[in-house]
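S.K.: Take this structure first; my questions come after.
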Amino acid sequence: MESGANIKRKREDDSTGRGHLQQKRIKLLESRQQLPIWHRQKGIRDALREHNVLILSGETGSGKSTQIPQFLLDQPWCRSKKIAVTQPRRVAAISLARRVAEEMGTPLGSSSPASKVGYSVRFDESTSPSTRIKFLTEGMLLQEMLRDKALSQYSCVVVDEVHERSVNIDLILGFLRQLQQTRRKDLKVVVMSATADVDSLRRFFAAKLSMPEEAPPTDEQPGGADDESWDGFSENDQLETTDIATCHVEGRQYPVVTQYLDNPTDDVIEAALHRIFQIHCKEPTPGDVLVFMTGQETIQALQKLIEDLAQGLTTDYPKMLVLPLFAALPQAAQQLIFQPPPRNTRKIILTTNIAETSVTVPGVKYVVDTGKAKVKQFRNRLGLDSLLVKPISQSSADQRKGRAGREAAGQCYRLYTEASYKTLDKDNKPEILRCDLSQAVLTMKARGVDDVLDFPFLTPPPQEAMGKALLQLLQLNALAEDGKISTVGRKIARLPLTPALGRVILEAATSDMDCLLEVIDIVACLSVEHIFTAVDTEEGREKAQIARSQLLRREGDHLTYLAAVQAYAEEQSDRRRWANEHMISHRAMQSVMDVRKQLTAQCRQAKLLLQDQEVRAATDEATQERILKCFLRGYSTKVARLCPDGSYKTFTGNQTVAIHPSSVLFGRKKVEAILYNQFVYTNKAYARDVSVVQLRWLEEMLQ
DNA sequence: TGCTATTCA
């Protein structure tokens, strides 16, 4: 019970706070009323009163992400429960929650018990008992579904950015449709997409739960089935469209003029250079240029070319400020994008597709698009990820183009012909057709989907890919012989890790192995970005070698990571300085510490770790051996042996693998066998995160 | 022997 004084004080706080919040709300109301979606609210409310599914298409700037939940909140069917709005990215979930709270005149999240809007992302949850609208990442909603399969606290789930077609989105859509047709016939689902093609979504929600047997595309065809539409439903499926409403909202974009090349080019860097200088010398400032490239290497090459050429520019022209943008770039360098350029200077931003979805660059009037991107594709038969440069899709090209029209009318220069634009795939290939499915399959099993081939997929993956995933889960003992999830599998599914890494954790917790804390440190490194800062010059490499010398372990990357985490954790005074001195990414290490804390807490909760267990002081040789054996348990198929010709060849498949240059074992003396966590094809097949193992250990594991 | 598109739990 609260005392009278407390209640009184709270009232005063609330009333002064409320006054301020209400002023803000009223101010924001005017701009909300300008949004294209504002005048559609009655239609949208009516649609969801009569139907359980609403498919809403609308380009950026329509206001759908912020307005839809507010339109629905006071509906009779919504009164007693929450609305969930999923987002692909953490920053989007948090900033949308902040914005909607302001628009509603309510405090955000856990700041006040009266708050109506909150958010939930990994490592950061801000909700209160009174939360009515909750923005969360897709991963968090899937996590919630482990504990509450029926999503009983929600009356409505809004799935945003569905056109991105991540595995998580596809899983969520499948689960939602199952729920709606079984124990949550009252659940409302709003699916929002930036692409206008909603036909496959409509058919997905209309089809009967038990789907007709389709022949999924076969895997491993060169180039894949690239020109097909990614739609698992054929025209003659019986439709029950009565329960589905669709709605299209126009965006609020300025016009963008598109210009193509007359003839194809085989040197896009040269073509980009040419176009950038044409824009710079011809067009007035202000007006920044955003150039879409494939990766760090080409970005840095072009940056040098531009800067060299810009030196020869006379003072009649504005100056050029070239800024690279890619995910591995340190945070401070990324922030330069948001600063206004100095006087009489034009910003030229060279970016990967990070600027297509994740980062909005202000001030851009001109977009130069090379039409290419690096795309990851999992090869089931080889058990390897390839990361190759591929042509983008039309919707990707249109997305890039749209970046020129956010603040004013703009121009888009495509460094390919109009004819080749027309040959591009319409949409991005869904991730579920491009990735290792073991985690998705385990996720389904853990949520009670016994027959995963019967799961309602928006795009069914090839049966071969499903088979591989099931096989891998069997090998990890995550599934029993009958295909049902095992106790081990349930424990793995709860961990925020791939099944293989989860299995390593469980192995480390056994009394035989007894090295869980050490393994958690290593696994934390493996599940974040690379902890060593990139070096691009010969000189830098030598400097890094010296700076990190105390941490490097000749046994390989795993024990090197362990040494780095332990040293970082021991550093009490200035961790940022320590990281800089050792040429280790402070940002990456902060994530490592977050993951480490979370995994430790989860292991305690799962009784894998005793409450009072502490890190051992030294890691002796016997412990090192047990640590690597734990990794062998999860990665038994990712082992290669040294062959007489000096190459490493995999045990399963006899393929050649090279040690990646980022590994501490790169350029070292050859050993009888290596274990690795990633098998990636770029220029050739590389093993990443590599350690030395003995063949004897492997034999022991097989017994 | 020479290198990592991008998210997320």
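Where a number appears in this text, it was derived from the coordinates with a stated rule and is not lab data. Note that the structure is predicted; figures quoted are calculated from it, not measured. We place every Cβ from the backbone using ideal geometry, glycine too, and count neighbours over all the protein chains shown.
S.K.: Which value in nm describes the separation of the simple spin-label points at A:GLU571 and A:SER662, placed 7 Å from the Cα toward the beta carbon?
M.R.: Label-label distance for A:GLU571 and A:SER662, simple model: 2.0 nm.
S.K.: Counting other beta carbons within 10 Å of each Cβ, put A:LYS185, A:LYS491, A:LYS374 in order, fewest first.
M.R.: With the fewest neighbours first, A:LYS185, A:LYS491, A:LYS374 line up as A:LYS185, A:LYS374, A:LYS491.
S.K.: Please list the non-local residues whose amide H lies under 5 Å from the amide H of A:THR352, H modeled 1.01 Å from N, same-chain partners needing a gap of 5 or more.
M.R.: Amide H neighbours of A:THR352, under 5 Å, 5+ apart: A:MET293, A:LEU325.
S.K.: So, how do all the Cα-to-Cα distances of chain A break down into 20 Å bins, in percent, from 0 on up?
M.R.: 15, 46, 35, 4, 0
S.K.: Summing +1 for each Lys or Arg and -1 for each Asp or Glu, what net charge is found among the other residues whose Cβ lies under 10 Å from the Cβ of A:VAL368?
M.R.: My count for the surroundings of A:VAL368 gives +2.
S.K.: Ok, one more. Kindly write out, for segment A:360-376 in residue order, the coupling ³J(HN,Hα) from the Karplus curve 6.51 cos²θ - 1.76 cosθ + 1.60 (θ = phi - 60°), rounded to whole Hz, with x marking Gly and Pro.
M.R.: These are the phi-based 3J(HN,Hα) values: 9, 8, x, x, 7, 10, 10, 10, 10, 10, 6, x, 10, 7, 7, 10, 8 Hz.
S.K.: Also, I was wondering about something else. Just want the ordering: A:GLU431, A:GLU464, from fewest to most Cβ atoms lying within 10 Å of their own Cβ.
M.R.: Least crowded to most crowded, the residues run A:GLU464, A:GLU431.
S.K.: Can you compute the label reach from A:ARG604? Point 7 Å from Cα along the Cβ direction, backbone N cut-off under 15 Å, restricted to segment A:487-521.
M.R.: Within reach of a label on A:ARG604, which here means backbone N under 15 Å from a point 7 Å along Cα→Cβ, segment A:487-521 contributes A:517.
S.K.: Another question, if that's okay. How many angstrom separate the Cα center of segment A:28-99 from the Cα center of segment A:427-442?
M.R.: Taking the Cα centre of each part, segment A:28-99 and segment A:427-442 sit 28 Å apart.
S.K.: Order of A:ASP316, A:ASP594, A:ASP160 from fewest to most other C-beta atoms within 10 Å?
M.R.: Fewest-to-most Cβ neighbours within 10 Å comes out as A:ASP316, A:ASP594, A:ASP160.
S.K.: Show that you can apply the helix-only estimate: for chain A, add -39,500 (n - 2.57) for every DSSP H stretch of four or more residues, divide by all residues, and state [θ] at 222 nm to the nearest 500.
M.R.: Result for chain A, helices only: -12000 deg cm²/dmol.
S.K.: Next up: Please give me the summed charge of the neighbours of A:ASP46: other residues whose Cβ is under 15 Å from its Cβ, Lys and Arg +1, Asp and Glu -1.
M.R.: +2
S.K.: Under the rule a/c < 1.5 gives rounded, and otherwise a/b versus b/c splits prolate from oblate, where does segment A:156-195 land using the Cα gyration tensor?
M.R.: Here segment A:156-195 falls in the oblate category.
S.K.: Further question on the same structure: In segment A:256-429, if every C-alpha pair distance is counted and binned at 5 Å from zero, what percent goes to each bin?
M.R.: Each 5 Å bin holds this share of Cα pairs: 1, 8, 18, 21, 21, 15, 8, 4, 2, 1, 0, 0.
S.K.: Still on this structure, I have one more. So what's the gap between the Cα centers of segment A:269-319 and segment A:340-387, to the nearest angstrom?
M.R.: Taking the Cα centre of segment A:340-387 as reference, the centre of segment A:269-319 is 16 Å away.
S.K.: Please work out whether segment A:495-701 counts as rounded, prolate or oblate from its C-alpha gyration tensor, where a ≥ b ≥ c are the square roots of the eigenvalues and a/c under 1.5 means rounded, while otherwise a/b larger than b/c means prolate and anything else oblate?
M.R.: oblate
S.K.: How much net charge surrounds A:TRP77 when only other residues with a Cβ under 15 Å from its Cβ are counted (Lys, Arg +1; Asp, Glu -1)?
M.R.: In short, +4.
S.K.: Step through the residues of segment A:326-332 one at a time and calculate ³J(HN,Hα) from phi using the Karplus curve (6.51 cos²θ - 1.76 cosθ + 1.60, θ = phi - 60°), rounding each to whole Hz and writing x for Gly and Pro.
M.R.: Each residue of segment A:326-332 in turn: 8, 4, 6, 5, x, 3, 4 Hz.
S.K.: Among A:LYS188/A:LYS429; A:LYS208/A:LYS491; A:LYS134/A:LYS185; A:LYS468/A:LYS491; A:LYS188/A:LYS401, which pairs are too far apart, with a Cα-Cα distance over 26 Å?
M.R.: A:LYS188/A:LYS429; A:LYS208/A:LYS491; A:LYS188/A:LYS401
S.K.: Please compute the Kirkwood hydrodynamic radius of segment A:376-481 from all pairs of different C-alpha atoms, in Å with one decimal.
M.R.: Taking every pair of different Cα atoms in segment A:376-481, averaging 1/r and inverting gives 16.7 Å.
S.K.: For A:LYS319, which lysines qualify as cross-link partners when the Cα separation must be under 16 Å and same-chain residues fewer than eight apart are set aside?
M.R.: Answer for A:LYS319, where 16 Å is the Cα cut-off: A:LYS282, A:LYS304, A:LYS347, listed by chain and number.
S.K.: Could you give me the ³J(HN,Hα) list for segment A:183-197, computed from phi with Karplus coefficients 6.51, -1.76, 1.60 and θ = phi - 60°, whole Hz, x at Gly and Pro?
M.R.: 9, 10, 5, 8, 5, 8, 10, 10, 10, 10, 9, 7, 8, 6, 6
S.K.: Please give the FRET efficiency for A:LEU382 paired with A:ALA150, using the beta carbon to beta carbon distance and R0 = 30 Å, rounded to the nearest 0.05.
M.R.: 0.15
S.K.: On to the next question. For Cα pairs less than 8 Å apart in space and 6+ apart in sequence, what is the mean separation divided by the residue count of segment A:16-160, i.e. the relative contact order in percent?
M.R.: The value is 25 percent.
S.K.: Shifting gears a bit: Amide H to amide H, which residues 5 or more places from A:THR137 or on other chains are under 5 Å from it, using H placed in the peptide plane?
M.R.: A:GLN87, A:SER120
S.K.: Taking a cut-off of 17 Å between Cα atoms, list the aspartates and glutamates near A:LYS684, but don't count ones fewer than 8 places away on the same chain.
M.R.: A:GLU297, A:ASP385
S.K.: Right, next: Under 5 Å between amide hydrogens, which residues at least 5 positions from A:GLN655 or on another chain qualify, with H placed 1.01 Å from N in the peptide plane?
M.R.: Close amide H contacts, sequence-distant or interchain: A:THR650.
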